[in-house]
Amino acid sequence: MKRFSVLLTLLVCAATNGVAQNPYADGVRVTADSITYEVKRDNRHFFMLQNVQNLLTTQNPIDLDGNPIEPGSYELGTLDMVSIKQAVTETFSDSELCLLKNDNTALFIYLTKDMNGKVLEVVFNIQATPAALAIPINSYMLFEKKLKQCTRWKTLSSDERNLQFSHESLLLNWNYLNIQKNPDAEIAPDSLQTNP
């Protein structure tokens, strides 16, 4: 019995150590700084980080009367790209930004926002490059918080203002992002692409 207990303890330690070494394995839940992410890996090329508290991400947008709206059937406003850049530069260190840029890491950001443009939920779908996998999970958690704090829209469409919430996705390509620790600097036009 004693031998079984020791073996069980070693297996639990090994499993815990495996999660600590690879927080980006499929099905792993990682908690830090009041956010718990569930990691999803459909393939070896991308991993998804989804806050387990997200409720709206998988739902169709709803109008003010409570009727569901088909995704992509509403007009989007204009995102303030400087606010996205501010979230990036306030999250990642210069060395992390350099690694992401050198690896040409693609990062898809799926935002759910309310009728006033406040970001309610964030989901990351990240290309599993060595640079992205080397970044600690705490950085992605901080990035979510910064996106919720910093993201603004220059304009919101009348469609968006008539929805309780809506979705928008961004493709952030570090290779085209003019990275400087100056959130007011201009962003290269090809650095961000938006889609409903």
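The values are calculated or read from the model by the stated rules, or taken from the named source; none is laboratory data. Every value quoted in this text rests on a predicted model; they were computed, and no experiment measured them. When we count neighbours, we look across all protein chains shown, and the Cβ atoms used for this are built from the backbone with ideal geometry, even at glycine.
Listing for the model above:
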read-out	value
Among (1) touching a residue at least 24 places away in the same chain (Cβ under 8 Å); (2) surrounded by 11 or more Cβ atoms within 10 Å (Cβ to Cβ) - the single one ASN60 does not satisfy	(1)
In region 82-115, the residues that are part of a loop (DSSP other than H, G, I, E, B) and under 25 Å from LEU163 (Cβ atoms)	MET115
Region 74-89, residues that are within 12 Å of GLU168 (Cα to Cα) and touching a Pro at 6+ places or on another chain (Cβ under 8 Å)	TYR74, LEU76
Extreme residue, surrounded by the most Cβ atoms within 10 Å (Cβ to Cβ), among residues of region 41-57 that are under 22 Å from PHE165 (Cβ atoms) and either touching a Ser or Thr at 6+ places or on another chain (Cβ under 7 Å) or not hydrophobic (A, V, I, L, M, F, W, C) (or both)	GLN50
Residue check for ALA32: under 16 Å from LEU171 (Cβ atoms) and touching a residue at least 12 places away in the same chain (Cβ under 8 Å)	no
Test result for VAL123, of a type outside the set (Phe, Trp, Tyr) and free of Cβ contacts under 8 Å to residues at least 40 places away in the same chain	no
Given (1) out of contact with any Phe, Trp or Tyr (no Cβ under 6 Å at 6 or more places or on another chain); (2) at pLDDT 90 or above; (3) surrounded by 15 or more Cβ atoms within 10 Å (Cβ to Cβ), number of the condition LYS85 does not satisfy	(2)
Residue satisfying all of: in region 69-81; outside any strand (DSSP E or B) and among the aliphatic types (A, V, I, L, M); nearest to LEU142 (Cα to Cα) among these	MET81
Residue list for region 145-155, filter: in a loop (DSSP other than H, G, I, E, B) and buried (at least 20 other Cβ atoms within 10 Å of the Cβ)	THR151
TYR74 surrounded by 17 or more Cβ atoms within 10 Å (Cβ to Cβ), in contact (Cβ under 8 Å) with a residue 60 or more places away in the chain and within 15 Å of the chain's Cα centre (by Cα)	no
Meets criteria (at negative phi, at pLDDT 90 or above and touching a Gly at 6+ places or on another chain (Cβ under 7 Å)) for SER139	no
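Let's see how each residue does on (1) modelled with pLDDT of 90 or more; (2) of a type in the set (Val, Ile, Thr); (3) farther than 30 Å from ASP26 by Cα:
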residue: THR112; (1), (2), (3): yes, yes, no
residue: VAL119; (1), (2), (3): yes, yes, no
residue: ALA128; (1), (2), (3): yes, no, no
residue: ALA132; (1), (2), (3): yes, no, no
residue: LYS148; (1), (2), (3): yes, no, no
residue: THR151; (1), (2), (3): yes, yes, no
residue: LYS154; (1), (2), (3): yes, no, yes
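Okay, residues lined up against (1) under 21 Å from ASN54 (Cβ atoms); (2) surrounded by 18 or more Cβ atoms within 10 Å (Cβ to Cβ):
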position: ILE69; (1), (2): yes, no
position: ASP80; (1), (2): no, no
position: GLU90; (1), (2): no, no
position: ASP114; (1), (2): yes, no
position: PHE143; (1), (2): yes, yes
position: LEU170; (1), (2): yes, yes
